[in-house]
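Report on the following structure.
The values are calculated or read from the model by the stated rules, or taken from the named source; none is laboratory data. Just so it is clear, the model here is predicted, and its values are computed rather than measured. Positions of Cβ are backbone-derived with ideal geometry, glycine not excepted, and every protein chain shown enters the neighbour counts. Ligands, DNA and RNA are stripped out before the accessible areas are found, and what is left, the full protein with its side chains, is counted by its heavy atoms. Shrake-Rupley method; radii C 1.70, N 1.55, O 1.52, S 1.80 Å.
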Amino acid sequence: MQLIDKLEKDLSETRSKLISHPIYNALNSKERLLFFMENHVFAVWDFMSLIKSLQINLTCVNVPWTPNENNFAGKLVNEIVLAEESDIDPDGNPKSHFELYLDSMRLVGADTKKIESFIEIINQSKSYKDSINKMTLPTPVKDFMDFTFEIISSKKNHVIASVFTFGREDLIPDMFVEIVKKLSKNEDLNSDLLIYYLDRHIELDGDEHGPMALKMINHLCGDDKDKWNEATEASLKALEMRIKLWDYIYSNLN
């Protein structure tokens, strides 16, 4: 068994628990969908910091420029960043996936005040820690983001790449899109852009980002068993943090 296969096998039980979470069946009304999105949007936001931290570590974003020795992983991460940060909306306008999600929230009627306030504070302070301390957020939402930035601060590229690959957005779209399509029959739910966002994730994660991310992990971990163990431990924790976030949202659905 290859080491990447062993990692996936070690995650399978926890991943199955997440996939079978009761939250998906509970998202059966517009009000419940809006509450979900208003909390989930923070996970959509910090996902971008994960991938950008890899770009900083594995490429050169400094001036003057110098070559980075991580040519293989750097190429992969640049390709992923291009799609995540500079995709297009249905009208062909460049948009990050976070901005697509935010636009879809506005269209379906979700409250974007908290996430917009957070982005404004981030722009002013340039510090996650300072910004999060100025926000009043549910503990599980804050804990989820704190874990993300703890992973980023480790500066261990194999760990960051593994959490990005196994603990993040690839878990959601396939399940979520069917729920939204059912809810879209509701005439007052303008969900076309949300469905577009989800379809883009499914297309890119399945056809491009997933295979590229696996290659990146293989390259970064190599034959170092300690790195594979660290990658597995961090990915498991990422899945557990997602379950805790889902538990919180599920327990507060009206």
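What is the angle, in °, between the Cα long axis of helix 97-108 and the longest principal axis of the Cα atoms in the chain? Nearest 10 is fine, range 0 to 90. For helix 97-108, the angle is close to 10 degrees.
This model, with +1 at the C-beta of Lys and Arg and -1 at the C-beta of Asp and Glu, gives the chain a dipole about its Cα centre of some 600 debye.
Modelled spin labels at Gln124 and Asp223, positioned 7 Å past Cα toward Cβ, are 5.4 nm from each other. Report in % the part of the accessible area of the chain that belongs to carbon and sulfur, leaving out ligands and nucleic acids; probe 1.4 Å. It is 49 percent, rounded to a whole number.
Relative to the longest principal axis of the Cα atoms of the chain, the long axis of helix 192-204 makes an angle of roughly 20 degrees. With the charge dipole of the chain set up from +1 on Lys and Arg Cβ and -1 on Asp and Glu Cβ about the Cα centre, the Cα lying farthest toward the positive end among the listed residues Leu58, Asn190, Thr232 is that of Thr232. Projecting the Cα atoms of Val41, Pro67, Gly92 onto the charge dipole of the chain, computed from C-beta unit charges around the Cα centre, puts Val41 farthest toward the positive end. For the Cα atoms of the chain, what angle does the longest principal axis make with the long axis of helix 30-58, in degrees from 0 to 90, nearest 10? Helix 30-58 sits at roughly 20 degrees to that axis. Charges were assigned to the Cβ only: +1 to each Lys and Arg, -1 to each Asp and Glu. The resulting dipole of region 71-127 about its Cα centre is roughly 240 debye.
Helix content alone sets the calculated 222 nm mean residue ellipticity of the chain: runs of n ≥ 4 DSSP H residues at -39500 (n - 2.57) each, divided across all residues, give -23500 deg cm²/dmol.
Spherically averaged projected area of the convex hull of Cα atoms, region 22-102: 7.5 nm².
Of the two radii for the chain, the radius of gyration is 0.95 times the Kirkwood radius, both from the alpha carbons; that is the Rg over Rh value. A Förster radius of 41 Å, combined with the Cβ-Cβ distance separating Asp91 from Ser12, puts the computed FRET efficiency at roughly 0.55.
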